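Notes to accompany the following structure.
Every number in this text was worked out from the coordinates using simple rules, so none of it is lab data. Worth saying up front: this structure is predicted, and the values here are computed from it rather than measured. Cβ placement follows ideal geometry from the backbone for every residue including glycine, while neighbour counts extend to all protein chains displayed.
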Amino acid sequence: MPRLRAQDLRAFEELYQLVRPRLARFVLNMTRRPELAEDIINETMLAAWRALPDFKGKSKVSTWIFAIAYRTAVRAAKRIDSAVSMEDRDEVEDNADGPDHGIETSKKTKLLNKAITELSDDHRLVIELTYYQDLGYREIAQIMNCPVDTVKTRMFHARRHLKARLNGDKSDWL
Amino acid sequence: MGINQTGYDMTDSNQTTPKSTQCDHSVQELLPWYLSGQLTDDEMAFVAAHVQCCAACAEDYASELALRAAYRDLGEPAALGGKAAWATLQAQLVAPSPRPWRGRVMPMMRRGAATLGRNRRVAAVIGAQAAAICLLIATPASQPNPVPRDASPYRGLSGAPVAANANSIVMFHPDAREAAIRSALTAVGATIVDGPTEGRAYLLRLPSGDQRAMLAKLRRQPAVALAEAVNSDMP
């Protein structure tokens, strides 16, 4: 950590290589726009680099970086949403086959992907941070800058939605 | 209507109405993080005890396990750029901030002082290197007796905007000696015109000619950690 705070470039590269795969997945899941993700990751890591000397260490570095990425992605989404019509947005979502785009999907995978697509950005993000990134609700609250009860509620409703959508084909995935 | 020992109304086999609000909220909400072990010890114990004696929550726990596993099986999203991504970012990290130089001087000095204060050995190495490089600033690398402009590890940049002449940026390995740095610069006829930046990079002026080739040659020098163009019409 002292090397990072001192903006040691090699230490930062190690951090970058460590956090990048998870960060890429996080940003892709949040934006669902691969063409934006690389810029958001870059902007995030650049902001982290500049802020490192002031990092207080009150949270894990990865949580801190995810929080920066969340704010960066929200800003990027606002910029894009103001420039892209809802029709275009729908087209993007319909064409995206979910997180496993390009991989042959089974019936249950397609069902789950479709259900995930129907979630709001915040609900989808809480699912991703909990199920895949293995973060606790307190860390998620830090990242999304919201109360912990909001995280729990979002997760509760997101799970309920997914289960309701999958319930018709429960035997296939349970 | 019958209430079983689990506390749930089981009258309708397709519906379970929670009798207890504790079961409805506290445990239900915590289940996802119980699965991943991301709860406090007290919360883990609380959920574990409840799931053992509540059939409905035990069932929910099982479906939660299945849902989590299905989600994790979805696979990886489309791959993004690999090594090239770090190279792009690295160039941005060491490039001068778009903010005006003058506004960056004080924060840079404060951070530099703080860094130096924390690690005396690193301070000595970087300070010595910076002082040595300062001897080369604004002086053709081939000139034997340059005049130092400033012997401090971090340069004050309130003078003339010499950085305007820069067309590339370079970083040297922390352990690179002055002779090796001078040799690297001489190899391409480069002149250091300013620096170090907060990322310990130096602004460089390459002579006119094939600057792409000059940068490539510079990158091959043992003392050089990074060399990039800073103007848009270069590689």
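Figures for the structure shown
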{"read-out": "Built amide H within the under 5 Å cut-off of A:Asp134, gap 5+", "value": "none"}
{"read-out": "Unsatisfied cross-links (Cα-Cα over 25 Å) in the set A:Lys78/A:Lys163; A:Lys60/A:Lys152; A:Lys110/A:Lys163; A:Lys60/A:Lys114", "value": "A:Lys78/A:Lys163; A:Lys60/A:Lys114"}
{"read-out": "Inter-probe distance in nm under a simple model that places probes 7 Å from Cα toward Cβ, at A:Arg160 and A:Ser106", "value": "2.9 nm"}
{"read-out": "Average other protein chain Cβ within 10 Å of Cβ, residues A:109-116", "value": "2"}
{"read-out": "Shielding score for A:52-58, defined as the mean number of other chain Cβ atoms within 10 Å", "value": "1"}
{"read-out": "Sequence-distant residues sharing a close amide H with B:Phe172 (under 5 Å, placed H)", "value": "B:Ala225"}
{"read-out": "R0 of 45 Å, Cβ-Cβ distance A:Val148-B:Arg219: FRET efficiency to nearest 0.05", "value": "0.40"}
